[in-house]
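**Student:** Let me give you the structure first, and then I'll get to my questions.
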Amino acid sequence: MSGESRVKVEALESFCVAVMRKAGMTAADARAVAEVLVTTDTWGVSTHGTKQLRPLLKNFRDGKMSLSAKTELVAEGPSWASYDGNRTMPIISSRIAMGKAIEKAKATGIAVATVRNSGHFGAAGFYSNLAAQADCIGISMCNVDAGVAVPGSRGPVLGTNPISYAAPAGGGRSVLLDIATSVTAASKIFQAKATGTTLPPGLLIDGDGRPTTDPSNYPAVGALLPMAGHKGYGIALMVELLTGVLAGGAFGRQIVSWLAGPTPVNQSLSFIAISVAMFMTPDEFRRRVDRLAAEIRASPKAVGADRIYLPGEKEWEARERALADGIPLPPDVVANLRGLAEDYSLDVAGLLGIGAGT
């Protein structure tokens, strides 16, 4: 298997829905999850797209999550809500919680919804963008099992703790940032490990806290580095405070890996929505964002640079290409989809048009 395989968006969504239906999910939930994962693939973020469906469904088979569970509203007020995910599909819990934050923000101006006892929710940017589509500024984040060092440590202390924001802009696109608070996402280290690739310097330390480019012993030995040193550490800690601590869930070293071991998942998630309409009309806000964007793009360019991008611009352009021409899936994603089809006795070639030699 070499090169990328190009798959139509509708075919990939139908395949994912078919798999989840065979796993026992309702049609509505399966479609909601497929939309999140396939949208992420169209953005070109293949590490967090449909590649994640196989391990998510394995969590159900292994007892780390429960298909029969439901997301439970524990308590709420005018501008806040607290949910227990009860270890059901994290993507469903996330969509429910951000939906509630948006609803409450429309009434009060700003709202936050938390979820405890959850797992891997995919790309944080999908949920912040839900708020942007509803004329809100959206923020989403989650805590993750420890895999990142902090200044002065020689091993993992906090998780990669991703955070995303999205703001409405003209043309139906949002300004969209989705980042891990580590210098890179852990999934990219695992990908390098799986392919035997040497890492660039500055991403990983070994068991003694010294820089290394060898991912082969991670995560058993060593740790990721926080982005921008103490600054990334501080933001990762903020995510921990706004998720695990505020949600009444697990935090720090209490969090278990969603990928390894038999222990049920226990991550926490947090979603914030700010209603633009409380400050000005959404059209005026978008015009102001567009003026700022034009100013940034018109800035003098460095030697060798032909363009200045806004956060999310590359992803939106990748999505337009994917919708028109199909999604380019890397070989590791195709292999994962084949394995998923085998898990549930489905014909990946028939559903996706991916032949044995592709």
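**Student:** Give, as a single signed number, the net charge of other residues whose beta carbon lies under 15 Å from the beta carbon of G350, with Lys and Arg counted +1 and Asp and Glu -1. Let's see the in-between values first.
**Tutor:** Numbers: positive: K8, K22, R338; negative: E10, E342, D347.
Net of charged neighbours comes to 0.
**Student:** How large is the helix-only mean residue ellipticity at 222 nm for the chain, computed as the sum of -39500 (n - 2.57) over DSSP H runs with n ≥ 4, divided by its residue count, in deg cm²/dmol to the nearest 500?
**Tutor:** Details: 11 runs with 138 residues, N = 358.
Helices in the chain give a 222 nm mean residue ellipticity of -12000 deg cm²/dmol.
**Student:** Sort out for me the Cα centre separation of region 236-258 from region 160-224, rounded to whole Å.
**Tutor:** What the calculation gives is 19 Å, centre to centre.
**Student:** Hey, could you grab the Kirkwood Rh for region 183-225? Inverse mean 1/r over distinct alpha carbon pairs, Å, one decimal. If you can, show how the numbers build up before the last one.
**Tutor:** Values: mean 1/r = 0.1008 Å⁻¹.
Across region 183-225, the inverse of the average 1/r is 9.9 Å.
**Student:** Most mobile of V265, V175, V115 per a Gaussian network model of the chain (Cα springs, under 10 Å)?
**Tutor:** Residue with maximal mean-square fluctuation among V265, V175, V115: V175.
**Student:** Related question: Taking 0.36 nm per residue of sequence separation and subtracting the Cα-Cα distance, how much length would be gained by fully extending the chain between S216 and V74, in nm to one decimal?
**Tutor:** Values: separation 142, 0.36 × 142 = 51.12 nm, distance 4.21 nm.
Stretched out fully, the S216 to V74 stretch lengthens by 46.9 nm.
**Student:** Take D206, D306 and order them by how many other Cβ atoms sit within 10 Å, fewest up front.
**Tutor:** Details: D206 16, D306 5.
The fewest-first ordering by Cβ neighbours comes to D306, D206.
**Student:** In addition: Distance between Cα centroids, region 42-102 to region 263-286: provide it in whole Å.
**Tutor:** Between the Cα centre of region 42-102 and that of region 263-286, the gap is 17 Å.
**Student:** Long-range amide H contacts for Y83: which residues qualify at under 5 Å (H placed 1.01 Å from N, peptide plane, sequence gap of 5 or more or a different chain)?
**Tutor:** V74, T114, V115, R116
**Student:** Could you give the C-alpha radius of gyration of region 67-137 expressed as a fraction of 2.2 N^0.38 Å, taking N as the number of residues it contains? Write down the numbers at each step before the final one.
**Tutor:** Numbers: Rg = 11.8 Å, N = 71, 2.2 N^0.38 = 11.1 Å.
Expressed relative to 2.2 N^0.38 Å, the Cα Rg reads 1.06.
**Student:** Note down the magnitude of the dipole of the chain about its Cα centre, charges +1 on Lys and Arg C-beta and -1 on Asp and Glu C-beta and zero elsewhere, to the nearest 20 debye.
**Tutor:** 220 debye
**Student:** Once you've got the GNM for the chain with C-alpha springs shorter than 10 Å, pick whichever of I296, I139, I163 has the biggest mean-square fluctuation.
**Tutor:** I296
**Student:** Please arrange F279, F60 by counting, for each residue, the other beta carbons lying within 10 Å of its beta carbon, fewest first. Please list the in-between numbers first.
**Tutor:** On the way: F279 12, F60 20.
Ordered from fewest to most neighbouring Cβ atoms within 10 Å, F279, F60 come out as F279, F60.
**Student:** At 0.36 nm per residue, minus the direct Cα-Cα distance, what do A107 and R21 gain on full extension? Give it in nm, one decimal, please.
**Tutor:** Length gained, A107 through R21: 27.3 nm.
**Student:** Pairs K51/K193; K70/K100; K51/K231; K22/K70: which exceed 22 Å Cα-Cα? Each step should come with its number before you reach the end.
**Tutor:** Values: K51/K193 16 Å; K70/K100 16 Å; K51/K231 30 Å; K22/K70 19 Å.
Violating the 22 Å Cα-Cα cut-off are K51/K231.
**Student:** Ranking M141, M25 by Cβ neighbours within 10 Å, fewest first, what do you get? Spell out each step's value before the answer.
**Tutor:** Working: M141 26, M25 22.
Fewest-to-most Cβ neighbours within 10 Å comes out as M25, M141.
None of the figures in this text is laboratory data; all of them are computed from the coordinates on show. On a predicted model such as this, the values are computed, not experimentally measured, just so you know. Using ideal geometry, Cβ is built from the backbone for each residue, glycine included, and neighbour counts are taken over all protein chains shown.
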